[in-house]
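Note sheet for the following structure.
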Amino acid sequence: MDNKFFTFLKPALDYIDTGKLFRKPVSWLYTIIAVINLLIPFYILYVIIDNKIFSYASGKDTVVLILLLIITAGISWLGFQLWWDRKEKVSTSSEESDDFVATPVIAHVLKTTGEWLGLWIGVFGFLAAVILTVFYGGDSGMGAAMGFDFVSAGVDAIIRLPIMGFLTIVVFRFFAEFVKALPTIANSAKKQLKYFEGGQQ
């Protein structure tokens, strides 16, 4: 069966079985998402300019917009660093000898996504809520105008958004660890089964 006619697909199958098919593309996806994070403030600025918001915004609205853009740029930079750092770690999330190679990758994606969402909701949301509250006192639609519908003004938003960001990280981390635990349990059960089968023999 060493004939090339029967084994020419073997390299592709090995690529799948060792988990490279899952780790490599996800690593590339992380790189793409990292770059997209850098582009977010430029896209928002383009939308603001394209809609000529600065031309009819008051002086106070213009200051708030600029401050929110600065915060957006800062969080986008942190988001870029997060995904860029994780792209190397997802490549080592599983070993070629592992029985389960896709599950750890899925767990890593869940964990990183939760951290990223928590960063935007908790940190950006908190800072934006503080600025909107200081300048407007009550509710403001400025956050929604920039595409961040979850951002609003008020003391409740200042308290609520960091908690929501933290809970987002915790919930995603919980599900990521649960998913990652499944192959560990399966491997343990498999070893126990082999042990008992060996003992019976």
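Brief remarks on what is shown
- Packing here is the average count of other Cβ atoms within 10 Å per residue, and on that basis the peptides 55-63, 110-118, highest first, run 110-118, 55-63.
- Extension gain, LEU78 to LEU45, is 10.0 nm, computed as 0.36 nm per intervening residue step minus the present C-alpha separation.
- Relative protection proxy for 71-80, 122-131, from highest mean packing down: 122-131, 71-80 (other beta-carbon atoms within 10 angstrom).
The numbers here are math on the coordinates, done by the rules we state, and not lab data. Keep in mind that what you see is a predicted model, and the values were worked out from it rather than measured. We place every Cβ from the backbone using ideal geometry, glycine too, and count neighbours over all the protein chains shown.
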